[in-house]
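The values are calculated or read from the model by the stated rules, or taken from the named source; none is laboratory data. Keep in mind it's a predicted model, so treat the numbers as computed, not measured. With ideal geometry, Cβ positions are generated from the backbone for all residues, glycine too; neighbour counts draw on all protein chains shown.
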Amino acid sequence: MARRDRVIDAALVGAAALDVWLTTEVFAAEDLDLLTIAFEVLAVLGLTVRRRLPYVSFLVALPSWFLSAAMVAMLIALYTVARNTRDRRVLAACAVAVFLGYDFPWSPYDLSAVPDKALLRNVVYAAMTAAAPVFLGQLMARMREIEDARCHERRLVAETTLARERAQLAREMHDVVSHQVSLIAVRAGALQVSTTDPDTKDAASTIRRLSTDTLDELRHMVTLLRASGSLATELTPQPTLAELERLIAHSGIEVRLDGSVPTGIGAHAQRAIYRTVQEALTNVRKHAPGAVAAVHIEQDNNDLTVTITNTRPTRPTVSLPSARHGLLGIRERAELLGGTVEAAPTIDGGFRVRLALSTDRQ
């Protein structure tokens, strides 16, 4: 946990503890029982685990919400749940519990003795008290998603720029350097055949052999430059299809995998499939909140097709800046392998990305 987060947590726990102390002081004359005080202290202590166990923190604070007038711990716990959950049913249940705890504290009182206007006011206050942490938590969660999307977009722009520079360098090496080295090899071969001097023949043979080796190295470097899409490709192990299920499990959205992961294909094809699925699932999370995705893999002889489809979003979307560099990058990867990528909306409001490769060319 970052130092800033620890300071914030300490401040929130302190605010909740101060609220409990003030509440105890105010109601001391009314013989506040020890059980209520114990639940208040437990609610404050529950805030120490709110980041790791938000639901536990909420449930621990719930009894004190019904038994005492201390409010800070409960509102912080509800905000934490709202910021960390995507399940609206769970969030609605938590908000209803807070609403009931505000309007019907323990011990029960005679509602008939409360004036209608006062009762209506309590209902409005209870609704606002329950709704405020929920809306604030959801707002902060959405802002965090937007920031993650922007960071991803910036990374894609940087990777695309780097890939473009590498492609340009690869073209220069292929068109200029390789051409010059080829001429050296040809001239050295001609000299080796035409000369009668043994030393000259041996030197020409050495030059021709070194030129041929250099051409092989240049071809290998050009292939690497064209296939690599980011600086990280040289610094970290490249992903393979063995990591595809882990990618899906940690995508942060609900994803179904149909078909078996193909085996026996080249490393470049494996990277193309992995990056295509990764980019498609990232776009689902960014542009279709609440959508469900499916990854369908189909292999027919030498034809391999990977289709990523998502349903329409179930939550409001926020318009984010996008240069579509991600789709451009996976199209370029596919083209280098002789494949194609198709991306288009579906008739039901979702989106589909389809990668087609021929495994006999890998």
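Laid out as a table, the results:
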item	result
Boolean, Arg52 is farther than 19 Å from Phe99 by Cβ, charged (D, E, K, R) and not in a helix (DSSP H, G or I)	yes
Long-range neighbours under 7 Å by Cβ, at least six apart or interchain, first residue assigned by TED's automatic domain parsing to the domain that holds Val49 within segment 2-15, second among the aliphatic types (A, V, I, L, M) and part of a helix (DSSP H, G or I)	Leu12/Leu47; Leu12/Ile76; Val13/Val44; Val13/Leu47; Ala15/Val72
Any hit, segment 65-80, residues being in contact with a Cys (Cβ under 9 Å, 6 or more places away or on another chain), in contact (Cβ under 8 Å) with a residue 40 or more places away in the chain and crowded, with 24+ Cβ neighbours inside 10 Å	yes
Residue match in segment 113-125 (condition: under 18 Å from Ser57 (Cβ atoms) and modelled with pLDDT under 90)	no
Residues located in segment 202-223, provided they are more than 30 Å from Glu165 (Cβ to Cβ) and loosely packed, with under 15 Cβ neighbours inside 10 Å	Asp202, Ser205, Thr206, Arg209
Check on Leu45, within 30 Å of Arg285 (Cα to Cα), among the aliphatic types (A, V, I, L, M) and modelled with pLDDT of 90 or more	no
Matching residues in segment 335-350 - criterion: being buried (at least 18 other Cβ atoms within 10 Å of the Cβ) and within 23 Å of the chain's Cα centre (by Cα)	Val341, Ala343, Gly350
Unique match (being at pLDDT below 75, outside any loop (DSSP other than H, G, I, E, B) and farther than 22 Å from Ala149 by Cα) among Ser182, Ser205	Ser182
Sole exception among (1) within 23 Å of Asp9 (Cα to Cα); (2) at pLDDT below 90; (3) exposed (fewer than 13 other Cβ atoms within 10 Å of the Cβ) for Arg154, by number	(1)
Strands (runs of 3 or more DSSP E) (entirely within segment 299-362) containing at least 2 residues that are more than 20 Å from Leu224 (Cα to Cα), out of contact with any helix residue (DSSP H, G or I) (no Cβ under 7 Å at 6 or more places or on another chain) and at pLDDT below 80	none
Which numbered condition Thr305 fails, given (1) within 17 Å of the chain's Cα centre (by Cα); (2) surrounded by fewer than 18 Cβ atoms within 10 Å (Cβ to Cβ); (3) within 19 Å of Ala343 (Cα to Cα); (4) not basic (Lys, Arg)	(1)
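This table checks each residue for (1) more than 30 Å from Thr85 (Cβ to Cβ); (2) modelled with pLDDT of 80 or more; (3) of a type in the set (Ser, Thr, Tyr).
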{"residue": "Ser228", "(1), (2), (3)": "yes, no, yes"}
{"residue": "Ala288", "(1), (2), (3)": "no, yes, no"}
{"residue": "Ala294", "(1), (2), (3)": "no, yes, no"}
{"residue": "Ile297", "(1), (2), (3)": "yes, yes, no"}
